[in-house]
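To keep things clear, I will list the structure first and then write my remarks on it.
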Amino acid sequence: MYSIEFANPGLLYLLLLVIPAIGWYIYRHNRVQAELQLPAVAPVKQVKRSFRIYLRHVPFVLRLLVFMLLVIVLARPQSTNRWEDETVEGIDIMLALDISGSMLAGDFSPNRIEASKDVASEFVVSRPNDRIGIVLFSGESFTQCPLTTDHAVLINLLHEVRVGVIEDQSTAIGLGLATAVKRLKDSNAKSRVVILVTDGVNNTGSVDPLTAAEIAKTFGVRVYTVGVGTHGTAPYPYTDIFGRTYFQQMEVEIDEPMLKQISSMTSGAYFRATNNQKLKDIYAEIDKLEKSKIDVKQYSRKYEEYRIFALGAFLLLLLEIVLRTVVIRSIT
């Protein structure tokens, strides 16, 4: 982005001297006006005015401009539009999101799955320089979006996530984590991360969660686990034989010891989200933790830009001298 900064900005206050200078010039000009009494003005009206009369104020204006340009030169204008970024490897992040039927519970607004999608979208927007992907899991798992920097497409796909996309509504946490790690294992990024969001207990799948954590550890993938659900009970929807939907209070079961072990094994962290705001706070905390993992340096080389102002002052001064000594030399 183009911008001008001054090394000595305090000197710009000298420009205020222009105001009293203009006042003094007007006062002096009025004092030195000559008076001539004539019996009639008709003869004077017939006298043509020389164009030099209209130029009598120009030297003063040019002196003011020269003074202002010299003040700017002394303030040392510097351009900062030439930004240079150190090339560093960014972060690759896979969002592993549980879409089992229990994610429709109403202890979040409007429910767990929609709250998770909204907060995840905000997280994606806050990471414009990272590659991010999405893995969905319930009884099975699949990649909704591979790693990409096209966050607009990513967010659109995230908004399309629905409970019921996978028929098996059980929870295969290990399989979901293994699929996310598979997407990251060949990455050359400086930091590789999985954010695993679930509200239940691993009860199916061909891969044990701790085995998936061992695989993540082997490939240097850090896993942040997020347990979603209030403490105690939560309203879960169910549909009767007539297609009517009701809510009933059911106990919230989250395998926290297992989720904590996964995060501990991979040098990550475990978080418990009990409401929408807490979920936002967790993503904000993960955002801070991962930004501290890489050292991104950005700097700019400042270039002195006083030359154009000095040249302008010189040319205006030269013009003022020519006008005063050649064009209007006879006008005082």
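Quick one: is Val71 assigned by TED's automatic domain parsing to the domain that holds Glu320 and either over 30 Å from Ala7 (Cα atoms) or modelled with pLDDT under 55 (or both)?
no
Arg112 - would you say it is touching a strand residue (DSSP E or B) at 6+ places or on another chain (Cβ under 8 Å) and closer than 20 Å to Leu279 by Cα?
yes
Looking at the stretch 98-119, I want the residues that are farther than 21 Å from Leu259 by Cα and have a partner that is among the hydroxyl-bearing types (Ser, Thr, Tyr) with Cβ atoms under 8 Å, at least 6 apart or on another chain. Which pairs are those?
Sorted first by the residue in the stretch 98-119, then by its partner, the pairs are Gly106/Tyr236.
Condition test on Ser187, is it within 28 Å of the chain's Cα centre (by Cα) and outside any helix (DSSP H, G or I)?
Criteria met by Ser187.
Within the stretch 1-28, take every residue that is of a type in the set (Val, Ile, Thr) and without any contact (Cβ under 8 Å) to a residue 24 or more places away in the chain and give me the one that is farthest from Met68 (Cα to Cα).
Ile26
Can you list the strands (runs of 3 or more DSSP E) found entirely within the stretch 208-290 that contain at least 1 residues being polar (S, T, N, Q) and in contact with a strand residue (DSSP E or B) (Cβ under 9 Å, 6 or more places away or on another chain)?
Passing ranges, in order: 221-228, 233-239, 245-251.
Can you confirm whether Thr179 is over 25 Å from Lys280 (Cβ atoms), touching a strand residue (DSSP E or B) at 6+ places or on another chain (Cβ under 8 Å), part of a helix (DSSP H, G or I) and of a type outside the set (Asp, Glu)?
yes
The values are calculated or read from the model by the stated rules, or taken from the named source; none is laboratory data. Predicted, not measured: the structure shown is a model, and the values here were computed from it. Counting neighbours? That spans all protein chains shown, and the Cβs are built from the backbone with ideal geometry, glycine included.
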